[in-house]
Structure formats: C-alpha cells, structure tokens
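Student: Quick one: structure below, then a few questions.
The values are calculated or read from the model by the stated rules, or taken from the named source; none is laboratory data. Treat the numbers as computed from the prediction; the structure is a model and nothing was measured. Methodologically, a virtual Cβ is constructed for each residue, glycine included, from the backbone with ideal geometry; neighbour enumeration extends over all protein chains shown.
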Amino acid sequence: MIDFLLVRALFIATLAASAAVFRPAQTPLWAAAGSGTLVACLAILAELRLRRISLKRMLGSGVGLLAGLCCAALTSIVLGRLGLDDSPALRLAEVFTLVLCAWFGTVLGAAKGDLLNLAALGDVFNAESDLRSTYKILDTSVIIDGRVADIADTGFLDGILIVPQFVLQELQTVADSADSMKRTRGRRGLDVLQRLQKMTNLKVEVVQQDFPHVKEVDMKLIELATLYGCGIVTNDFNLNKVAHVRGVKVLNINELTNSVRPVVLPGELMRVFILKEGKEYNQGVAYLDDGTMVVVDNARRMISKTIDVSVTSVLQTTAGKMIFGKYDERGHAAHPVPVAERQERAPIRIQAVGE
C-alpha cells in the first residue's frame, strides 16, 4: 500500500512539473501546475474505479466506445452533406453527436459486457476468470464459528480466501464490544484469521473494495461476490437464501457438516446423554458430539443419565439436523454419568453475528 502511495505521488508530481515547464507563454505557472495536478488526480480516481471492473465489462466498454465513434463518424459525414460547411450549427451538431455516441456506446457496452464469451478468445482472456474462480469470500459468522480453519487444515479448502475490509471492521467492532460474550466471539474470529494466515496451503487476502451505497454487510458480500464472480463461505441461513436468489454461489459450512455426519436410520439404537427436558410433555433432549439435537420421548425422568434410545425419525434442514427417538424403559437400561463427563458433553453453541 505504501509503494502504491509513493508511485501515485510521483505520478502527480511528474504531471504537475511537466505542465509547469511546457506551459504556454501566457499561462501563469500556478495555473499550469494546478491543471497538471488536477489531471493526475482524475487519472488516479479513474484507475481506482477501473480496478473494480471485470475484464468482461472493460472489453464491453471498449467495443461499445468503438461502435459509438463509428456511429458519430457516419453521422458527421451525413451532416456534412447538408451543405452547412464550417457553420457553427454543424460544428455543434458534430460535437454533440460525438459525445452522445461515445457515451451511449461505452455505457451500453459495459452493461452488456457480462454476456461476452471470453472462452472463444483463448486462454489469455480466461486467466482472470480462472484465477477468480479460486477465490472464496469469508463471512463474519463463519470466521467466528472457526470450523473453516479446521476444514482448511485438512486440505479440503484451497485457493485464495478473501476477507473484505468491512468484514474485518465488523470483527473488530465485535471484539471491542462491552458485552463480554460478544468480545470473546470477536477475539475468537481474529484468532481464526491469524490461524488461516499461517497455513502454507492457503493465501488470505484483505481487499479494500467497499460499497458505500449498501448498508448491510450481507448485501455487501453479495455485491463483492458478484463483482469477483466467486462464492461466499458462510453458515448464515439468511445470507445463504438471499445469495441463492441473487445467483451467487454459497459454500455453507452447516451443509458440509450435515453431509459428512453419520447417517442414522429409523429403528436404529443409539446411546445418548439426556441433558435437559424438552418442550413437549415427558420429553428429554440430548446432543451428539457434533452438536446434533436428539429429542427423546419418555425421557424426562432420565435427565443426567445415559440411555439407549430407538430412532423414530430424522429431520434434515439447511440449518441443521434433528433426530427424534423414543426411550423404552422396559427394554433399555440407564447408565449414570459422572459430573465431569456431563460437563464435557454440554453443547457449545456459537451464535452468528446479527442473530
């Protein structure tokens, strides 16, 4: 970042000095230097904006500009045939035609640039899309969750992980919160980021792109994913749904966890530790080691005990999995569990930011 600032400062100084040295004789020194500085600042502003534009849109803008200039040239030839040679009206019409055709050509070309098929132009033009296809944008909730680091540590997650600056700011805000629980979650997220940065098989990049006109962080993530043409790694249920509606690819950690869980079929027996009573009459609630909730009928009296239950049904959703079972005290034994082991089996829940 410092190198870029130095290069830009040198660029501004060079243009200002060139304008001052090669200024017309009647132009004051300060006016020429100011004009050079203004042109340099406008060029830097254009460069910052162009960095956010995809290659398809840049090509579309170029093709549209060329088509607009061709239309302006043809229109100028037609206007010259009207017999208005060197008249002010003809010159004004030519200037207006040139500006309008160039403007509409550039804007329409950029808008339709996403329809271009760069695959037909060779591998050189596919370099950007191939590179960005390996990008994965991390959501705030999935960073705090921490399981993404475990997945990356196993080698199943590769490529370049993108952490937007606004996500980093949200993490910092949570880490500085007056609420001790939020503060712990925020610091956990920062620790997870440091762990990801130390992995040799991954590259973590913090990007500065922001969308000031968008207030919600979730919508900013979707806009950034659309701009980069890549997916979002998250475990936020609402972001998952909105991203799918917008056509953005989503890598949901919860869906991944559900897909690798052992399959439990109705009628099978499983041993669980009843942690608390359920919402319905005579129900007990247990949790598996991966956090899956098990609702057991006729198990209210078995709280703080390990029992064998028979699975009756399994409910699978994008938010998680629930197992329903039934305890038959005539056919299954109860197994008391020591207090230390009971505390170890207590579920740990991580709440996503914004819930």
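Student: Return the residues of the range 265-309 that are surrounded by fewer than 17 Cβ atoms within 10 Å (Cβ to Cβ), of a type outside the set (Gly, Ala, Ser) and closer than 30 Å to Ile232 by Cβ; say none if nothing qualifies.
Tutor: Passing the criteria: Asp289, Asp290.
Residue-wise test of (1) surrounded by 15 or more Cβ atoms within 10 Å (Cβ to Cβ); (2) part of a helix (DSSP H, G or I); (3) free of Cβ contacts under 8 Å to residues at least 12 places away in the same chain.
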| site | (1), (2), (3) |
| --- | --- |
| Asn201 | no, no, no |
| Ile222 | yes, yes, no |
| Leu227 | yes, yes, no |
| Ser259 | no, yes, yes |
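Student: I've got another one for you. For residues in the range 229-240 being outside any loop (DSSP other than H, G, I, E, B) and surrounded by 13 or more Cβ atoms within 10 Å (Cβ to Cβ), which is farthest from the chain's Cα centre (by Cα)?
Tutor: Phe237
Student: Given the conditions (1) surrounded by fewer than 14 Cβ atoms within 10 Å (Cβ to Cβ); (2) farther than 27 Å from Phe104 by Cβ; (3) basic (Lys, Arg), and given that Arg49 satisfies all but one, which numbered condition is not satisfied?
Tutor: (2)
Student: Name every residue in the range 5-23 that is part of a helix (DSSP H, G or I) and buried (at least 16 other Cβ atoms within 10 Å of the Cβ), in order of residue number.
Tutor: Arg8, Ile12, Leu15, Ala16, Ala19, Ala20
Student: If we scan the range 160-170, do we find a residue that is assigned by TED's automatic domain parsing to the domain that holds Lys241, over 18 Å from Ile144 (Cβ atoms) and either of a type outside the set (D, E, K, R) or under 17 Å from the mean Cα position of the chain (by Cα) (or both)?
Tutor: yes
Student: Next up: Considering the range 268-300 alone, what residues qualify as being of a type in the set (Phe, Trp, Tyr) and in a loop (DSSP other than H, G, I, E, B)?
Tutor: Matches in the range 268-300: Tyr281 only.
Student: Name the residues in the range 241-257 that are in a helix (DSSP H, G or I), surrounded by fewer than 20 Cβ atoms within 10 Å (Cβ to Cβ) and of a type outside the set (A, V, I, L, M, F, W, C), would you?
Tutor: Result: Lys241, His244, Glu255, Thr257.
Student: Within the range 61-72, is there a residue that is modelled with pLDDT of 80 or more, within 25 Å of Val207 (Cβ to Cβ) and out of contact with any helix residue (DSSP H, G or I) (no Cβ under 9 Å at 6 or more places or on another chain)?
Tutor: The answer is no, given that none of the residues of the range 61-72 is modelled with pLDDT of 80 or more, within 25 Å of Val207 (Cβ to Cβ) and out of contact with any helix residue (DSSP H, G or I) (no Cβ under 9 Å at 6 or more places or on another chain).
Student: Going by the structure shown, is Asp150 at pLDDT 80 or above, surrounded by fewer than 15 Cβ atoms within 10 Å (Cβ to Cβ) and under 22 Å from Asn254 (Cα atoms)?
Tutor: For Asp150, the condition - at pLDDT 80 or above, surrounded by fewer than 15 Cβ atoms within 10 Å (Cβ to Cβ) and under 22 Å from Asn254 (Cα atoms) - is met.
Student: Additional query: Could you tell me whether Leu29 is without any contact (Cβ under 8 Å) to a residue 12 or more places away in the chain and either surrounded by 11 or more Cβ atoms within 10 Å (Cβ to Cβ) or farther than 30 Å from Tyr228 by Cβ (or both)?
Tutor: yes
Student: Please verify whether Val214 is modelled with pLDDT of 90 or more and either in the same structural domain as Asp139 (by TED's automatic domain parsing) or not β-branched (Val, Ile, Thr) (or both), treating the condition exactly as stated.
Tutor: Judged against the criteria, Val214 is not a match.
Student: Output the number of residues of the range 24-67 satisfying the condition of being among the polar types (S, T, N, Q) and either touching a Cys at 6+ places or on another chain (Cβ under 9 Å) or not in a helix (DSSP H, G or I) (or both).
Tutor: 3
Student: While we're on this one: Going by the structure shown, is Val214 more than 13 Å from the chain's Cα centre (by Cα) and not in a helix (DSSP H, G or I)?
Tutor: Judged against the criteria, Val214 is a match.
Student: Of everything in the range 203-220, what is surrounded by fewer than 16 Cβ atoms within 10 Å (Cβ to Cβ) and of a type outside the set (A, V, I, L, M)? Give them in sequence order.
Tutor: Of everything in the range 203-220, those that are surrounded by fewer than 16 Cβ atoms within 10 Å (Cβ to Cβ) and of a type outside the set (A, V, I, L, M) turn out to be Lys203, Glu205, Gln208, Gln209, Asp210, Pro212, His213, Lys215, Glu216.
Student: Another question, then. So, of the residues in the range 156-194 that are part of a helix (DSSP H, G or I) and small (Gly, Ala, Ser), which turns out to be surrounded by the fewest Cβ atoms within 10 Å (Cβ to Cβ)?
Tutor: Ser180
Student: State whether the residues of the range 287-294 include one that is modelled with pLDDT under 85, more than 21 Å from Ser141 (Cβ to Cβ) and either not polar (S, T, N, Q) or not assigned by TED's automatic domain parsing to the domain that holds Ala149 (or both).
Tutor: So far as the range 287-294 goes, yes, one or more of its residues are modelled with pLDDT under 85, more than 21 Å from Ser141 (Cβ to Cβ) and either not polar (S, T, N, Q) or not assigned by TED's automatic domain parsing to the domain that holds Ala149 (or both).
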